[in-house]
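Notes follow once the structure below has been shown.
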Amino acid sequence: MDGELLILHAGRHSGRLETVLSAAREGRRSQVWSRLEGPLENRRVLFAVPLDGSGVNHELYSLLAYLRTHPDCLRGCVGGVLADGTGDLYTKSAGRELVLAASLAGCAFPGRPLVEATGDLRNFTVQAKNAGCSLEEAYRRAAADLVRRVLDFAPPRRQRPKLLVLHASSRRTSNTLALWSRCRERLERACEITEIGLRNGTLADCAGCPYTACLHFGERGDCFYGGVMVEEVYPAVRAADGVVLLCPNYNDALPANLTAAVNRLTALYRAAPFEDTAVFAVVVSGYSGGDIVASQVVSAMNMNKGFWLPPQFAMLETANDAGTAVKLPGIEERLERFSGNILEQLSGRR
């Protein structure tokens, strides 16, 4: 990659967004495209997405359609998203939908790859207060920082990667665990793998301690609520090069214990950012909706907690009765591809 930034501007041009983009590009080589008309390879891409009050952007939907129908069209690319809205809603949902589609098309994303600007910029209140600047200046600084991180991002490579696998499923009936067991067979010679089941016992969810209390516990690798998160998950996350979430689709949402585990990572995240740790997911739906669960992994782990998102980070399958996932047509080839991608992203080899 040559250090040039490609700005893919999907939609109408607005004065505020143009001002921010101009400041973020200053002193850097860059191009601006209005649409994606063919595959890209090994480029640094900033997706700039203006949204009106309805949250609808027809050019964005055209871009999503292209990404979803052209696998590998962003092979080797690294991306970030700048979403500028005129109201309080839709910027984050548009951003995570775009990140999911781009990842499945071959694009990697550093942690916290979305800068969103709501209509009145109140979402920058904390950043502006901490920096002693205006809301507008906080927005400009966030956009410039995103461009820097997209251009500088280089995934860590390990000779023998450490993988942490989190699940809350029963081995007797879980299609998700059955698929992971086939992946593990392909990876365990090259990776150090730790599996933690969160199914048994009580996993207390985060109750929103004050920031200072959360930071205090996090700096000690601890949490007020203790339990399996502190005793097992925290040390394993700190040691891991990649985290694999096994996500059966329950009511179009992550399983409750996995959601609680993600929430409880806040204490650790405040003290030890996860920017060098990748997140992967195996999502199995009984009927449909795997993309909804995968998008929750994107927003919770990549956008919120700062794990970096590899290209093709998720394996998405549909299977209902126990044991049917491992019998799906073409499943062995997909398992081989997904396992090989985990190893390639973490070690640079297949």
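Roughly what % antiparallel, to the nearest 5, for the DSSP beta bridges in the chain?
On the way: 2 of 49 bridges.
Rounded to the nearest five, the antiparallel share is 5 percent.
Can you find, among 98, 47, 190, the residue farthest towards the positive end of the dipole of the chain? Put +1 on the C-beta of Lys and Arg, -1 on that of Asp and Glu.
After comparing all options, I get 190.
Relative contact order, percent, of the chain when contacts are C-alpha pairs under 8 Å separated by at least 6 residues? If you can, show how the numbers build up before the last one.
Values: 695 pairs, mean separation 61.2, N = 350.
Averaging sequence separation for qualifying contacts and normalising by length gives 17 percent for the chain.
Name the residue, out of 106, 79, 87, whose mean-square fluctuation peaks in a Gaussian network model built on the chain with Cα pairs under 10 Å.
Residue with maximal mean-square fluctuation among 106, 79, 87: 87.
Quickly rank 37-43, 314-320 as a protection proxy: mean count of other C-beta atoms within 10 Å, highest first. Before the final figure, lay out the partial values.
On the way: 37-43: 13.0, 314-320: 20.1.
Highest-to-lowest ranking by the protection proxy: 314-320, 37-43.
Between residue 326 and residue 13, what length comes free when the chain is fully extended (0.36 nm per residue of separation minus the Cα-Cα distance, one decimal in nm)?
Numbers: separation 313, 0.36 × 313 = 112.68 nm, distance 4.79 nm.
Working it through step by step, the gained length comes to 107.9 nm.
Report the convex hull volume per residue for the chain, counting only C-alpha atoms, in Å³. Each step should come with its number before you reach the end.
On the way: hull volume 48.8 nm³, N = 350.
About 139 Å³ per residue, rounded to a whole number.
Please report, in debye to the nearest 20, how large the charge dipole of the stretch 1-159 is about its Cα centre when each Lys and Arg carries +1 at its beta carbon and each Asp and Glu carries -1 there.
Values: 21 positive and 18 negative charges, 104 e Å.
Dipole of the stretch 1-159, to the nearest 20 debye: 500 debye.
Please compute the net charge surrounding residue 346, taking Lys and Arg as +1 and Asp and Glu as -1 over other residues with Cβ under 13 Å from its Cβ. If you can, show how the numbers build up before the last one.
Details: positive: 157, 158, 160, 162, 349, 350; negative: 192, 241, 276, 344.
Cβ neighbours under 13 Å give a net charge of +2.
What 222 nm value per residue comes from the helices of the chain, counting each DSSP H run with n ≥ 4 as -39,500 (n - 2.57) and dividing by all residues, nearest 500 deg cm²/dmol?
Values: 11 runs with 131 residues, N = 350.
After summing the helix terms and dividing by residue count, I get -11500 deg cm²/dmol.
Values quoted throughout were computed directly from the atomic coordinates according to the rules given, and no laboratory measurement underlies them. Everything numeric here is computed off the predicted structure, so don't read it as measured data. No Cβ is skipped: glycine too gets one built from the backbone with ideal geometry, and neighbour counts run over all protein chains shown.
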